[in-house]
Amino acid sequence: MIPRYLINFDSEKLSQSTSDLLIIGSGVAGLSVALRASKFCQITLLTKSELGEATTRYAQGGIAAAVGEGDSPEYHLKDTMEAGDGLCDPRAVRILVEEGPARLRELIDFGAHFDLTGNHLSLSLEGGHSRPRVAHARGDATGREVELALVNAVRKNPQVETHENIFVLDLLTHQDRCIGAIAFEPFGAKFRLFIAKAVILAAGGMGQLFKVTTNPSISTGDGIAMSYRAGAEIVDLEFIQFHPTALYEDGNPRFLITEAIRGEGAVLRDIRGQRFMDGVHPLADLAPRDVVVRQMVKVMKANSNDHLYLDATVIPLDNLKKNFPTIYQKCLQAGIDISKDLIPVAPAAHYMSGGVRTDLNGRTNLPGLYACGEVACTGIHGANRLASNSLLEGLVLSKRISDVLNQDLAELSLKLTEMAVSHSSPKRGKTVGLEQERRKLQETMTNKVGVIRSRKSLEEAAKIVESMKDVLDIQFNSVDGFELQNMILLAKLIIRAALMREESRGTHYREDFPKVDDTKWRKRIVFKDTEQGMRV
Ligand code: FAD
Ligand code: SIN
């Protein structure tokens, strides 16, 4: 049994704030919901970082939407479904592709500047897309433009009260309803309660579970872990997307080299300079990410090497400087002139396709809890997300959530002040080497639960993670400790899902079951914690 809450507490002894709506997270999802919902309710927004520091900020390629000449939502739907390898929910994908163009235009009206060619949006091509469809800003700095435009608007909005550098530990539940969250303020080591009529979870992804990732340090899977503890349904956790081209360098996170650079003509080469994607897939270097990454791993293994090369030298220098200014500069600082030199790259954990299960309006199975963005799983991405569909999903779902929320809040009659919650479970107070345990977990996930898996590697991983289970009983007083607890829980769930799915589909590749098995596995794995333990 996993403890329901990370700490023991009594709500009557902690300071409490109340609002209509509590939002956890300040990336594209959280900020977009905040701006929309601020028209009809009063909001508290919590973020464990500073406003502006979220995965969203690092997005490079852009936002996919069928706005180009000759494109249509039907083509976008087809590409998304193909990348998703038989597991996308077609209703969710239709919503994404049909509502996407309007949400992109609203973002532009709202103050985000996207690159233009003449009077039209400049659109680039990325893996798995049948035509150029990806709108971008300042070349490869799309995320920064989007995040800052939204942050500026939120800062000016008197209906949104923001709290930065505050870590949400757990969702509070009372009589099977989500009524807020318990949070930790590291400066002063204080616990606080935030009570609300509804909670929007927009806490992003979990790349930091891996030793090599493109995700910033905030991406430790807290949102999925706290939802699971609170009784929300969690789905599709075995589908973790690895990006083919992270700069091969020391440290974590690793800097991303956008797929859009391959859309401009860059190609992958092995250690001897040979191309290796021709003949593997009709789209060659622009095949869906899972296909490219698997081939990269095979080539690296055959050459006993841990990196390959991206060759962008065919792209004219002025194009590189204009469309990829961040990458150009970052590589130059690392001593690589991308107009002349090959760029050393390796795959890195990049995106969680699964997450907290929601309906088409972001509602979870737990009344009062909604989820949006990477933490959520609407069924749009299936077994493999199509490039640049993630920011779009955040924009589209945030509008749908705020539409239903308006109605849900109006129908709700809750007396927020009358709800008392407490938790007490045996705590062993033991300490552990946090950094060492985190590294052990990250290495285990990369080496045994990475791009290529097998029963053997997954069972080995399960054993290592099981040996860390005592950490879940410790009462920590630090963000690092809480994050480690969330990462261990999430790793357990991911490994369990990956062991169960005895087939290969999308980003989940089992070398002991190398084929898609539609008869047994055209279905999704859903986990829910109950008083009797995990229900699958
Ligand atoms: P995030 O932007 O990650 O925000 C999560 C928020 O939750 C943060 O504010 C964080 O501080 C907060 N939070 C988390 N845990 C807690 C906690 N315990 N307590 C309080 N706050 C918490 N997608 C695209 O569509 N196009 C791209 O071009 C693209 N490029 C990418 C490039 C990189 C390098 C990476 C890593 C991803 C890229 N993606 C891209 C994916 C996309 O950026 C993310 O999926 C998306 O930004 C997620 O947005 P979000 O709002 O759900 O989460
Ligand atoms: C990239 O720019 O290659 C990343 C795009 C994405 O992850 O959607």
In the range 133-152, residues that are within 14 Å of ligand 2 (Cβ to nearest atom) and either crowded, with 18+ Cβ neighbours inside 10 Å or in a strand (DSSP E or B) (or both) total 13
Output the strands (runs of 3 or more DSSP E) that fall wholly within the range 154-216 and possess 3 or more residues being of a type in the set (A, V, I, L, M, F, W, C) and closer than 21 Å to LEU31 by Cα, or say none. 167-174, 177-185, 190-201
Tell me which residues, restricted to the range 180-189, are in contact (Cβ under 8 Å) with a residue 24 or more places away in the chain and within 17 Å of LYS13 (Cα to Cα). GLY180, ALA181, ILE182, ALA183, PHE184, ALA189
State whether the residues of the range 131-140 include one that is at pLDDT 95 or above, in contact with a Gly (Cβ under 6 Å, 6 or more places away or on another chain) and farther than 30 Å from TYR328 by Cβ. no
Which is crowded, with 21+ Cβ neighbours inside 10 Å and away from ligand 2 (no atom under 16 Å from the Cβ), of SER32, SER49, SER38? SER32
Based on what the data block shows, is GLY68 surrounded by fewer than 24 Cβ atoms within 10 Å (Cβ to Cβ) and touching a Pro at 6+ places or on another chain (Cβ under 7 Å)? yes
Please indicate, with yes or no, whether at least one residue in the range 268-281 is in contact with a Pro (Cβ under 8 Å, 6 or more places away or on another chain) and among the small types (Gly, Ala, Ser). no
Could you list, in sequence order, the residues of the range 491-520 that are over 24 Å from the mean Cα position of the chain (by Cα) and crowded, with 18+ Cβ neighbours inside 10 Å? PHE513
Of all residues in the range 326-358, how many are within 24 Å of LEU490 (Cα to Cα) and either of a type in the set (S, T, N, Q) or outside any loop (DSSP other than H, G, I, E, B) (or both)? 11
When every residue in the range 455-489 that is under 27 Å from ARG501 (Cα atoms) and hydroxyl-bearing (Ser, Thr, Tyr) is compared, the one surrounded by the fewest Cβ atoms within 10 Å (Cβ to Cβ) is SER467
So, in the range 116-131, how many residues would count as being within 20 Å of LEU395 (Cα to Cα) and in contact with a Leu (Cβ under 9 Å, 6 or more places away or on another chain)? 4
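Residues checked against (1) more than 16 Å from ligand 1 (Cβ to nearest atom); (2) surrounded by 17 or more Cβ atoms within 10 Å (Cβ to Cβ); (3) assigned to a strand (DSSP E or B); (4) modelled with pLDDT of 95 or more:
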{"residue": "GLU238", "(1), (2), (3), (4)": "yes, yes, no, yes"}
{"residue": "PRO244", "(1), (2), (3), (4)": "no, yes, yes, yes"}
{"residue": "THR258", "(1), (2), (3), (4)": "no, yes, no, yes"}
{"residue": "LEU268", "(1), (2), (3), (4)": "yes, yes, yes, yes"}
{"residue": "PRO282", "(1), (2), (3), (4)": "yes, no, no, no"}
{"residue": "VAL291", "(1), (2), (3), (4)": "yes, yes, no, no"}
{"residue": "ARG294", "(1), (2), (3), (4)": "yes, yes, no, yes"}
{"residue": "MET300", "(1), (2), (3), (4)": "yes, yes, no, yes"}
{"residue": "ASN305", "(1), (2), (3), (4)": "yes, no, no, no"}
Those residues of the range 248-295 which are under 22 Å from LEU123 (Cβ atoms), in contact (Cβ under 8 Å) with a residue 60 or more places away in the chain and more than 13 Å from ligand 2 (Cβ to nearest atom) amount to LEU283, ALA287
Would you check if GLU483 is within 23 Å of the chain's Cα centre (by Cα), touching a residue at least 40 places away in the same chain (Cβ under 8 Å) and not in a loop (DSSP other than H, G, I, E, B)? yes
Only residues that are within 16 Å of ligand 2 (Cβ to nearest atom) and more than 12 Å from the chain's Cα centre (by Cα): list them for the range 195-247, please. PHE210, VAL212, HIS243, PRO244, THR245, ALA246, LEU247
When you scan the range 359-374, how many residues do you find that are touching an Asp or Glu at 6+ places or on another chain (Cβ under 9 Å) and either within 16 Å of ligand 2 (Cβ to nearest atom) or outside any strand (DSSP E or B) (or both)? 10
Identify all residues within the range 406-453 that are under 21 Å from MET352 (Cβ atoms) and not in a helix (DSSP H, G or I); write none if there are none. VAL449, GLY450, VAL451, ILE452, ARG453
Residues that are within 16 Å of ligand 1 (Cβ to nearest atom) and touching a residue at least 60 places away in the same chain (Cβ under 8 Å): does the range 70-78 have at least one? no
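Do you know which residues across the range 432-453 are among the polar types (S, T, N, Q) and surrounded by fewer than 17 Cβ atoms within 10 Å (Cβ to Cβ)?
GLN436, ASN447
The values are calculated or read from the model by the stated rules, or taken from the named source; none is laboratory data. Because the structure is predicted, anything quoted here is derived from the model rather than measured. Reconstructed Cβ throughout: ideal geometry from the backbone, glycine too, with neighbour counts over all protein chains shown.
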